[in-house]
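Here the structure is laid out as structure tokens; the discussion comes afterwards.
What follows is calculated from the coordinates using simple rules that are stated; it is not laboratory data. Everything quoted here is computed from the prediction, not taken from an experiment. Reconstructed Cβ throughout: ideal geometry from the backbone, glycine too, with neighbour counts over all protein chains shown.
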């Protein structure tokens, strides 16, 4: 069966009782949110340990008498078919598939829709109705009083991508009632505009001066650093998670067909040593961005230049 991801987020009493969850779509931040939500609900019972699998063929039912059930996270559609799923339906483990939309997964998505014991969650950019429902829930849960003018002003500024909308609403929850006015909202909630930061990865072969100028123009605050790094991290993870050209090519989202050659060029420049260096760089950068607040703008640029140095060395 199929369910709206926003229903899962807003319904605090929703029962997560399925063995198979297929999280798909093209809005990665919402997909990640739903994945975390599923994991956290199972983890509350201390029944499951989490484990990542490269694809479904790597699964082995090793649960013994005194062993703990597991929740498996699978991000590759390779070997994903009805037969392989049917072969593991009698096991006690839980499976979460996190796979972006493509034509090759359409049959398995239809299979999930038709099966009442499976759950399909398609994640796309938030609609205005989605944002109204989320904002209303926040207002209700935290007893926030808004004038009609302020309500619609906030709504129009909320981002269409879930992770950024969530971060903005966290600010709204923390502002004192007497400070809720349009001027203050302008300061704490950025305008919902398309920044192009999702395309920044494809600037890496430009010369350093151009990279720095583009970065300084597009990344000016902590929110934009988070957005820049989030998108950049997606492409870095493709490099880290794949060890041969064939697997890497299959993992490239279909909507990036124009950038396929550039992505392959970057991938071919990495060996195991460079992958380890990239992973260390990402972990260090992620920690620094969380800690430094507005100073993270500089950290983001440093990360970008270090990545350029890594692929050109």
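Can you give the Rg to Rh ratio for the stretch 128-188, taking only C-alpha atoms and Rh from Kirkwood?
On the Cα set of the stretch 128-188, Rg over Rh gives 0.91.
Given the C-alpha atoms of the stretch 64-212, compute the convex hull and give its volume per residue in Å³.
235 Å³
What value does the chain have for Rg/Rh, both radii from Cα atoms and Rh as Kirkwood defines it?
That ratio equals 0.98.
Show me 101-108, 223-230, 112-119, 139-146 ranked by packing, highest mean number of other Cβ atoms within 10 Å first.
223-230, 112-119, 101-108, 139-146
When the chain is treated as a GNM, springs tying every alpha-carbon pair under 10 Å, which of 40, 77, 24 comes out with the largest mean-square fluctuation?
40
As an exercise, take the mean of 1/r over every pair of distinct alpha carbons in the stretch 5-123, invert it, and state the Kirkwood radius in angstroms.
Hydrodynamic radius (Kirkwood, Cα pairs) of the stretch 5-123 is 14.7 Å.
Relative contact order of the chain: what whole-number percent is it, with Cα pairs under 8 angstrom and at least 6 residues apart?
Averaging sequence separation for qualifying contacts and normalising by length gives 17 percent for the chain.
Could you order the peptides 231-240, 3-12 from most to least packed, using the average number of other C-beta atoms within 10 Å per residue?
231-240, 3-12
Only helical DSSP H runs with n ≥ 4 go in: add -39500 (n - 2.57) per run for the chain, normalise by residue count and round the 222 nm mean residue ellipticity to 500 deg cm²/dmol.
The helix-only estimate for the chain comes to -16500 deg cm²/dmol at 222 nm.
Average projected area of the Cα convex hull of the stretch 197-312, in nm²?
6.7 nm²
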